[in-house]
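See below for the structure under consideration.
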Amino acid sequence: MGKKKHHSITPLSQLLRVPAGPVSLARYDSKATPGYPGKGRDDADKFTTAILPELSDLQERLYASSQTDPANAPRILIVLQGMDTSGKGGVIRHSIGLVDPQGVQIKAFKVPTAEERAHDYLWRIRNALPAPGKIGIFDRSHYEDVLVVRVDGLFPESVWSKRYGEINDFEAELVASGTRLIKCMLNVSYEEQRERLLARLDDPTKHWKFSASDLDSRAKWPDYMEAYEAALTLCNTEVAPWHIIPADHKWYRNWAVTELLREVLEGLDLQWPVADYDVAEQRRRLAALD
Ligand code: AMP
Ligand code: MG
């Protein structure tokens, strides 16, 4: 498929990909709209909707490949990380929600349960990996084990500091066994987070989205940014790179994740499975039956 006007001219996978080297989040404008082909908020629905037919076609090819050749079918795993209100749930509703639900596997990671705590931190992650032909989405992930764990000191530094390397090994293993990882840090600003938290408190229909612990995390914002910078720096590998998605504009964030997914699926160059039966013969049989 060639460039369409709703695509980014320079691939988003390049524009949003975090370059190698130390990451300073202060240098990333969370109101930026890299690669957006339209004017802004008013045409975002149109541009996002325009991606859908291609996304559906690509997703169906992915799923079809798993039906005929499960052992070799690729898998996609989108990892969504970001501070509260950055829009992990919003992306799942507005971007991933556009894809056939049968082809999608969503998993949200919460405070580990007693059972999860009894295992290694990657145990629950391994259990939730997408099946062949599926698009997995992680709302939070193994990165919490170097984010909240580091900021809140849930484990000593001697434990979490080893995890960056362990995560790189784990992700390399995933990629080697056929999973394409799309790691997205939804970068919302401190100011925008205040507005969104206030909106949750102002609107009784949004009260359920607010949690008092959101303010505890907000109070530790600089520590979180430092922990994010460490994860974005130390776990930004060639096979599993990070993307920073400016997230102060919800319309941009949703378009960008949709387009990024489309690009990755397109890059897999998925072919329709070839029938393992004689089409002409089946056609004759069908004709004989009417
Ligand atoms: P939410 O995504 O808003 O439903 O919140 C989930 C909560 O679970 C967040 O406060 C996370 O920090 C917390 N959480 C997720 N994974 C872990 C983990 N591995 N250790 C401790 N807390 C976690
Ligand atoms: Mg929350």
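We did not get these values from a lab; they are worked out from the coordinates using the rules stated. Just so you know, these numbers come straight off a predicted model, no measurement behind them. Here Cβ is always computed from backbone atoms with ideal geometry, including for glycine, and neighbour counts include all displayed protein chains.
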**Q.** Farthest toward positive dipole pole in the chain [+1 Lys/Arg, -1 Asp/Glu at C-beta], among TRP255, LEU58, PRO204
**A.** PRO204
Q. What translational D, rounded to a whole number of µm²/s, comes out for the range 189-233 from Stokes-Einstein when the hydrodynamic radius is the Kirkwood one over Cα pairs, at 20 °C and 1.002 mPa s?
A. 185
Q: Jot down the radius of gyration and Dmax of the range 41-81, Cα atoms only, both in angstrom.
A: 14.2, 44
Q: Provide the gained length on full extension for the span GLU166 to ALA131, in nm with one decimal, where the gain is 0.36 nm per separating residue minus the Cα-Cα distance.
A: 10.4 nm
Q. Can you pull the three principal axis extents for the Cα set of the range 128-205, in Å, largest first?
A. 47, 37, 19
(Q) Quick check on my link table: of LYS162/LYS206; LYS134/LYS220; LYS39/LYS88; LYS46/LYS110; LYS4/LYS110, which ones sit more than 32 Å apart, alpha carbon to alpha carbon? (A) LYS162/LYS206; LYS134/LYS220; LYS46/LYS110; LYS4/LYS110
Q) Quick one: length gained pulling ALA212 to GLN14 fully straight, 0.36 nm per residue minus the C-alpha distance? A) 67.6 nm
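So how much slack lies between ALA71 and LEU286, counting 0.36 nm per residue of separation and subtracting their Cα-Cα distance, in nm?
So the chain would gain 74.3 nm between ALA71 and LEU286.
Mind listing which trypsin sites (Lys or Arg not before Pro) in the range 16-51 are in a DSSP loop and have 15 or fewer other Cβ atoms within 10 Å? Spell out each step's value before the answer.
On the way: sites: ARG17, ARG27, LYS31, LYS39, ARG41, LYS46; in loops: LYS31, LYS39.
The qualifying sites are LYS31, LYS39.
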Q) When the chain is modelled as a GNM with alpha-carbon springs shorter than 10 Å, which of LEU77, LEU15, LEU58 fluctuates the most? A) LEU15
Q. Viscosity 0.890 mPa s, temperature 25 °C: Stokes-Einstein D of the range 201-290 from its Kirkwood Cα radius, in µm² per second?
A. 129
(Q) Could you give me D for the range 12-288, from Stokes-Einstein at 37 °C and 0.692 mPa s, where the hydrodynamic radius is the Kirkwood radius over C-alpha pairs? Units µm² s⁻¹, please. (A) 164
Q) Under unit Cβ charges (Lys, Arg +1; Asp, Glu -1), what dipole magnitude, rounded to 20 debye, does the chain have relative to its Cα centre? A) 500
(Q) Restricting to DSSP loop positions (anything but H, G, I, E, B) with no more than 16 other Cβ atoms inside 10 Å of their own Cβ, which GluC sites (Glu not before Pro) remain in the range 187-290? (A) GLU238
Q.
With equal scatterers on the alpha carbons only and no solvent term, can you work out the Debye log10 of I(q)/I(0) for the range 242-290 at 0.17, 0.29 1/Å?
A. -0.66, -1.03
Q) Counting other Cβ atoms within 10 Å of each Cβ, which trypsin sites (Lys or Arg not before Pro) in the range 77-127 have at most 15 and sit in a DSSP loop? A) LYS110
